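The values are calculated or read from the model by the stated rules, or taken from the named source; none is laboratory data. Being a predicted model, the structure only gives us computed values, none of them experimental. Heads up, the Cβs are rebuilt from the backbone with ideal geometry, glycines too, and the neighbour counts pull from every protein chain shown. Remember, those area values only see protein heavy atoms, side chains included, never the ligands or the DNA or RNA. Shrake-Rupley method; radii C 1.70, N 1.55, O 1.52, S 1.80 Å.
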Amino acid sequence: MKKLIAIFSLFISTLLSAQPGYTFTMRQADFERFTQQLKTDPNNDELIWKRLNISFNPQFDIYTKGGKQTYSSTPNFQFNQIFENWTYEKILADINRLIDHKAEVNEYGRNTNLIDFTLLRGKLYYLTGDNKNALSDYLTALNDVSQAASSPNNDEKKKKICISLAAYYYNLTEDSRQENLREALKYIDMISPIEFVCNIESVQSNGEIFDYYQYEKINLLTYLHEDPRLENYYKKLILQSYDLYKKKNEDGLYIFDKINDLANFYFQKKNYEKARRLTEIALNYFPKNSLGYIINRYNVSKHYFLLNRIYRTDGFKNQEKEFNNLIDILGPTHGISYNAKEIGSYIKESLEKYPEEPRLLLALAIWHYKNDFETTTARPEEILKILNKAEESQLKDYRLPFTKAHIYLYKQRNYKLALKEINKSLQLNQSDPHVYGMKSEILRNIPGFDEKEEQLAAQESQSKSKIVRIKDMPELLKEIQ
């Protein structure tokens, strides 16, 4: 019964990962149709494979647990209602028939053969607690795929086999945890080639390479405290992203995500100087408009967040930079891309020490405004009081009147006051396209608005949203050598 329940839970995961539009009713109808056809043609390998694709097609990653951990409390009658008593034994019999037949099925340009069937049986064993047979099938499939390396689809097959082996070792609950994690890493290494490539540019000139399991590899290297390898791996991922960026007309934000990963690695190792230097290089090259304004505030905020944390540490304590980076984290023209509760606590704790610091007041107001879905946040009137207090301290930051304009426009529908504040914001900053965009929106809400003024604001917003592409990043390359 436990095996049956485990298979049911995997069937549900298969349904969730199925193609959009392929409904449960359609799958059930296809299953029944294939089953009826097999009654008159029981050795039809293609029909058996199609039925297996519906009855058992688990999607694996390294965190997929096997054995008792996958058992659900779902009653087995639910599975019976779906497929009329379709059991573990029947699924296993279908797989064994394909293996015994040494079947080959060609569908949608993909060749499915003994390697796939052996792997699938290994997954069935693994998910129902038969670890010994699961490992045997995985290793057999890996050996077979290695001997047929040039065959169609074999790269894809190897990835599935290796991730299944990695999951097997990663989720073993025996005492030798470190040894098991190293075995898991061994199989991830087989399908994550970037770390072992000497010249990424020359390799990618013959076709792109990509580590689809880079996060699993990073987690394993972290757990195993393989710091030199992990640092080198981050650098290789940056170089690979940079090479692709040079070849494609894209904004390259993925490069900066990788840089942030490496900088955070240095921060965790208390190498604050390297973390700071790398982050400032990233900000220097981050996509900007012609006036030097970084357009994508959501993605860039994680870099400011790291700088803010660095300038809070003993060796790098700098209150001016700490608070300036805090405002850059928050926006206010983007969503919060970090732990909102954590940053809110930090702002409030800082205000206990520096209750009159205007940048902290501005930060608190923006934080409240962005978290208005939380019951603990202030009402619009209270946020305006905080902003007025910051303004009385002579804070000259365009984001202060910009936030006021936000509240007047969206919360209080006071369009005249919103226009007054957005004009103040524009006097302080003409490089942020969001300010012009908000002015355009405010004007459209005022009866009898000046159409020329609104069009000019909209045009300015559009023109200032254009990114100036930077092709070369020599400082970055020098830093990660």
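Note on residue 143 and residue 156: their simple-model spin labels are 2.6 nm apart, each label 7 Å out from Cα toward Cβ.
The angle between the Cα long axis of helix 253-268 and the main principal axis of the chain comes to about 90°, on a 0 to 90 degree scale. Taken per residue, the accessible surface of the chain reaches 49 Å², heavy atoms only and a 1.4 Å probe. Other residues lying with their Cβ under 15 Å from the Cβ of residue 104 contribute a combined charge of -1, Lys and Arg counting +1, Asp and Glu -1. In the complete set of protein chains, residue-level accessible area for residue 25 is approximately 100 Å², probe 1.4 angstrom.
The slack in the chain from residue 463 to residue 381, taken as 0.36 nm per residue of separation less the alpha-carbon distance, amounts to 26.1 nm.
Kirkwood hydrodynamic radius of the stretch 342-481, from the reciprocal of the average inverse Cα-Cα distance over all distinct pairs: 16.9 Å.
Cross-link partners for residue 157 among the aspartates and glutamates, with Cα-Cα distance under 13 Å and sequence neighbours closer than 8 places in the same chain left out: 116, 144. Estimated from helices alone, the mean residue ellipticity of the chain at 222 nm is -21000 deg cm²/dmol (sum of -39500 (n - 2.57) over DSSP H runs with n ≥ 4, per residue). Of the solvent-accessible surface of the chain, computed with a 1.4 Å probe and all protein chains present, 49% belongs to carbon and sulfur. Extension gain, residue 90 to residue 253: 0.36 nm times the residue separation minus the Cα-Cα distance gives 53.8 nm. Given the pairs 217/274; 160/288; 341/396; 236/353; 247/288; 348/464, which are separated by over 31 angstrom at their Cα positions? Check vs 31 Å cut-off fails for 160/288; 236/353; 348/464.
A crude spin-label estimate for the pair residue 353 and residue 229, with each label 7 Å from Cα along the Cβ direction, gives 3.9 nm.
Label sites at residue 210 and residue 177, each approximated as a point 7 angstrom past Cα along Cα to Cβ, lie 3.4 nm apart. If the Kirkwood radius is taken over C-alpha pairs of the chain, then at 37 °C and 0.692 mPa s the Stokes-Einstein diffusion coefficient equals 122 µm²/s.
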